[in-house]
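This report refers to the structure that appears directly beneath it.
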Amino acid sequence: MNDLERYFNENKGRLIHKWMHFFDAYDRHFARYRGKEVVVLEIGVFHGGSMQMWKSYFGDKAVIHGVDVNPRCKELEEDRVRIHIGSQSDRAFLRRLRAELPPIDIIIDDGGHTMDQQIITFEELYGAVKPDGVYLCEDLHTSYWLQYGGGHKRPGTFIEYAKDFIDRLNAWHSEERSLQVDAFTRSTASVHFYDSIVVLEKHPREAPVVRMSGTPSFDMPEPRAKGVMKRIRLGSLRAWNMLLRAFGLPSVIWGR
């Protein structure tokens, strides 16, 4: 049991509402910030219990910001806890918030859980996360719940939206105009999917480089096709696969 789960189980303070399997993911991605000067932003204040939990977990140097649409949440401010009132589906509000806050180490989206809210919040605030920061969106099970506009492989859900992160992370290797390197590719080191959670860890990236080192352990076999014949064969293979790809069909792979 990690310290976050222990805090939750022993909590006698303000109400906290969390899925129990979330605590391992939190600790895995947040532990490196403990005891440091960290800025945390959580979307969704609820009764303020998680604000106190983060404050305890990260330590005396942490500043916790919360966002909620309920004006009464402003009453929950305390030392090193700041509450901002507004809707996470309001792009203008999020842009004002971003301008007001210092660069953010960790963003936790535990807000309204609707598809638009999760997508809009990511689009407006991911860029506010520090170059080595973490963005976590939770309660993604709503992408499968009808009352939230969800459904398995239903267009417009946050789960379907987040699947695109995988392609964008690998865009350096794309040969197609439909997938190009962008700011996300250059700033995101990894994407982690858990039950109901996606975590993005940022780090500045350049085009990946492949190298070899050491000496061969045995002779490499001669290629079956050499020179002009090899170029013709590879060109033909490429042409066939471009055609098959255009029709969404499986590729053809020949021996080297």
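So that you can scan it fast, the table gives a plain yes or no per residue for (1) in contact with a helix residue (DSSP H, G or I) (Cβ under 8 Å, 6 or more places away or on another chain); (2) on the phi > 0 side of the Ramachandran plot:
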site	(1), (2)
V129	no, no
D139	no, yes
R154	yes, no
R168	yes, no
W172	yes, no
V181	yes, no
E201	yes, no
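Regarding S143, is this residue in a helix (DSSP H, G or I) and of a type in the set (G, A, S)? Yes, satisfied. Regarding segment 47-60, can at least one residue be identified that is surrounded by fewer than 19 Cβ atoms within 10 Å (Cβ to Cβ) and in contact with a Pro (Cβ under 9 Å, 6 or more places away or on another chain)? Within segment 47-60, not a single residue is surrounded by fewer than 19 Cβ atoms within 10 Å (Cβ to Cβ) and in contact with a Pro (Cβ under 9 Å, 6 or more places away or on another chain). Would it be correct to say that F23 is crowded, with 16+ Cβ neighbours inside 10 Å, in contact with an Asp or Glu (Cβ under 7 Å, 6 or more places away or on another chain), farther than 18 Å from D105 by Cβ and modelled with pLDDT of 95 or more? So F23 passes the test. Going through (1) touching a residue at least 24 places away in the same chain (Cβ under 8 Å); (2) surrounded by fewer than 19 Cβ atoms within 10 Å (Cβ to Cβ) one by one, D68 falls short only on (2).
Of the residues making up segment 131-148, those that are under 25 Å from C73 (Cβ atoms), surrounded by fewer than 21 Cβ atoms within 10 Å (Cβ to Cβ) and in contact (Cβ under 8 Å) with a residue 24 or more places away in the chain are H141, Y148. Counting the residues of segment 114-126 that are closer than 15 Å to E201 by Cβ and out of contact with any Cys (no Cβ under 8 Å at 6 or more places or on another chain) gives 1. Total residues in segment 187-204 satisfying the condition of being closer than 15 Å to V129 by Cβ and surrounded by 15 or more Cβ atoms within 10 Å (Cβ to Cβ): the figure is 8. Quick check, is Y126 within 22 Å of A162 (Cβ to Cβ), among the hydroxyl-bearing types (S, T, Y), under 14 Å from the mean Cα position of the chain (by Cα) and in a helix (DSSP H, G or I)? Answer is yes for this residue. Could you tell me whether T157 is within 21 Å of D109 (Cβ to Cβ), modelled with pLDDT of 95 or more and in contact with a strand residue (DSSP E or B) (Cβ under 7 Å, 6 or more places away or on another chain)? In short, no. Applying the condition of being polar (S, T, N, Q) and either in the same structural domain as V129 (by TED's automatic domain parsing) or surrounded by 11 or more Cβ atoms within 10 Å (Cβ to Cβ) (or both) to segment 205-241 and asking which residue is modelled with the lowest pLDDT yields N241. Among the numbered conditions (1) under 22 Å from the mean Cα position of the chain (by Cα); (2) surrounded by fewer than 18 Cβ atoms within 10 Å (Cβ to Cβ), the only one that L4 does not meet is (2). Would you tally the residues in segment 1-33 being among the aromatic types (F, W, Y), under 19 Å from G59 (Cβ atoms) and not in a helix (DSSP H, G or I)? The total comes to 0. When residues in segment 83-108 are screened for being crowded, with 19+ Cβ neighbours inside 10 Å and charged (D, E, K, R), 1 of them pass.
The values are calculated or read from the model by the stated rules, or taken from the named source; none is laboratory data. Predicted, not measured: the structure shown is a model, and the values here were computed from it. Neighbour counts are summed over all protein chains in view; Cβ atoms, including those assigned to glycine, are modelled from backbone coordinates with ideal geometry.
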